[in-house]
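The values are calculated or read from the model by the stated rules, or taken from the named source; none is laboratory data. Being a predicted model, the structure only gives us computed values, none of them experimental. Counting neighbours? That spans all protein chains shown, and the Cβs are built from the backbone with ideal geometry, glycine included.
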Amino acid sequence: MSSFLSKAVRAAPPVIFLVIGALAYTQLSKEPPEEKRPPATPRVIKTTVADIPLQDYQITVMTRGIVRPHNEVTLTADVAGKVAVINPLFEDGAFFSKNDILIELDDADYKTSVLAAEAQVARASATFAQEQARAKQARLNWDDLGYNEEPNDLVLRLPQLRETEASVKAAMAQLEQAQRDLDRTRVRAPFNGRVRLRTVGIGQSVGNGTSLGTIFATDYAEVRLPISAHELDQLNLPEESTDLPVQVELSNAVDETSPHTWTAEIVRTEGTLDEQSLELFAIARITDPFGRESDKRPLRIGQPVIGAVKGHVLEQVYVIPRRAVRQVDRIYLVMKEEMTLDRQIIEPIWKDLDHFIVHSPGLFENAFLATSSMRYTPDEARVEILSQEKVAEESEQTKETPKKTET
């Protein structure tokens, strides 16, 4: 009996632990009763809106280019010699006029050649005059002899006369050549222009064809403006010389805040597309780019510019501010009667830096355009329209609220 009791005492603790565990599991397995929560109040979205009317929209194609001279040449010497005089007009950046003497070469040898040619002309002319007198006397002598037939050329000394006449012409030609060479010692400007770079100095010996410097014309400049295939459909660019030019407004691409603009005209287009970009380049012409004949601000060669080219007018379209367009061409409408939010996907027919142009009749007939940035945008959500004044006031309050510092 005592053995049985001892065994029961030893087995009691495990049994007790199992019973306690089973009871605990039973209590913990029971799900707590669900608490009834009050229904959530729908969230009201706050946004500013814009009323978007139907209107006509003038397309403006924006493009960029670099100002370049339309006529730039390397000025060369036509004769050999040493540089004797350099006109101050032939300095880097200086302006000059057509026929201005830019450089003078040492002309002593060329003056000597002119004098020698003049002497040769005088000798040839004297010989020719003598032969003329001899030919005239030969005719008189023939007539005095009373011959009835006409004398031949040898009797009248016509071969000698022609030879001396040719000598006069040759001497005159040599004189003209010597005078031209003398005149070429004075290098003249071929047009109204400006010096890009002078490459010679006083005392330097130059030969026929030696480069003296680079100059370019200032009557007008050009800009090569790239136009994409999509933009070409919205422009009427000139193809023939008889086509009307298209006006372009140029602005400074280096300082886009500059108020200065220049007026140019697209006068022609290149015949082929660029192989890499597949763009067509239009050539715009700027008259008097340096303001030499007007009071407009100079436009520098090599200056990057932004070109604004007016294109077609799109009729009866919606002009949507780009800031109101979300990703994947999405906008949000505020329905006027229901004051709820409605999401729409738009298909713009034109885009620029500031606007999306949409041709969707009736899109904003009973709705405003939501213009605020919103994170919570479920369809048919209730909307509260904020005025611009209220938005500015709340923004100021946010700025003035002091930040809490952690302790």
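Before moving on, here are some points about what is shown:
- Scope the range 242-252; condition in a strand (DSSP E or B) and out of contact with any His (no Cβ under 7 Å at 6 or more places or on another chain); matching residues: VAL246, GLN247, VAL248, GLU249, LEU250, SER251
- Checking each residue in the range 265-312 for being polar (S, T, N, Q) and either within 12 Å of the chain's Cα centre (by Cα) or modelled with pLDDT under 90 (or both) picks out THR272, GLN276, SER277, SER294, GLN303.
- Residues being under 30 Å from ILE357 (Cα atoms) and either free of Cβ contacts under 8 Å to residues at least 40 places away in the same chain or not aromatic (Phe, Trp, Tyr) (or both) - total across the range 55-80: 11
- All conditions in (1) surrounded by 12 or more Cβ atoms within 10 Å (Cβ to Cβ); (2) farther than 14 Å from GLY311 by Cα hold for PRO245, with the sole exception of (2).
- Among (1) modelled with pLDDT under 95; (2) closer than 30 Å to ILE349 by Cα; (3) not basic (Lys, Arg) - the single one ILE66 does not satisfy: (1)
- Flag for GLU315 being within 23 Å of GLN234 (Cα to Cα), in contact (Cβ under 8 Å) with a residue 60 or more places away in the chain and of a type in the set (D, E, K, R): yes
- Check on ARG330, modelled with pLDDT of 90 or more and out of contact with any strand residue (DSSP E or B) (no Cβ under 8 Å at 6 or more places or on another chain): no
- Answer residue from the range 271-311, given it is among the acidic types (Asp, Glu) and out of contact with any Phe, Trp or Tyr (no Cβ under 9 Å at 6 or more places or on another chain) and is nearest to VAL195 (Cα to Cα) among those: GLU293
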